[in-house]
Each structure stands twice: as C-alpha cells, then as structure tokens.
Amino acid sequence: MQRGYATTPHGQLHYVEEGKGPPLLLLASAGRSASVFDGLIRLLAPDFRVIAVDMLGCGHSDPIPQD
C-alpha cells in the first residue's frame, strides 16, 4: 500500500492508497484509523483505486485544531 499525506487548511491528512480503476474512498467512523480497512482494501484493490483516509485527530493525521 502506498502511504502519503494531503495538506489541508486545518492540517495534514494521512491516507493509504492501493489498486487501479475507479476511485473508491473509505472513511472510518469517528475515532478510528484507516487501518481498520487494511483487509478490505486488499479485496477491493483489483477492481478499484481504493483510498482510505485518517481524519484529523485520528491515526497518523494531525490533531484537530483548537480553533
């Protein structure tokens, strides 16, 4: 899996990406990391470009800004 960061006005979001095809975005529920999708990503990657994001304050993304 390829890992990276996307810069936003509120901080950096960590993501993982794998596969080719139409994009499929996976967002974990509050307080969870994108790592909960590791097994699912491997199943979907042959047919989709799967992108799973750690929301701010979760996983390897920046903390939620105080303001």
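The values are calculated or read from the model by the stated rules, or taken from the named source; none is laboratory data. Please read all numbers here as calculations on a predicted model, not as lab measurements. Note: ideal-geometry Cβ built from the backbone for every residue, glycine included; neighbour counts use all protein chains shown. To get the accessible areas, we keep the full protein, side chains included, count just its heavy atoms, and leave off ligands, DNA and RNA. Shrake-Rupley method; radii C 1.70, N 1.55, O 1.52, S 1.80 Å.
Okay, here's what the table says:
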read-out	value
Selection count where residues are among the polar types (S, T, N, Q) and either touching a Cys at 6+ places or on another chain (Cβ under 7 Å) or surrounded by fewer than 17 Cβ atoms within 10 Å (Cβ to Cβ) (or both), scope the stretch 57-67	1
Residues satisfying the stated conditions in the stretch 39-56, i.e. free of Cβ contacts under 8 Å to residues at least 24 places away in the same chain and either under 11 Å from the mean Cα position of the chain (by Cα) or open to solvent by 50 Å² or more (accessible area, probe 1.4 Å) (or both)	40, 43
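Residues checked against (1) touching a Leu at 6+ places or on another chain (Cβ under 7 Å); (2) at pLDDT 95 or above; (3) buried (at least 17 other Cβ atoms within 10 Å of the Cβ):
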| position | (1), (2), (3) |
| --- | --- |
| 6 | yes, yes, no |
| 12 | no, yes, no |
| 18 | no, yes, yes |
| 21 | no, yes, no |
| 29 | no, no, no |
| 32 | no, no, no |
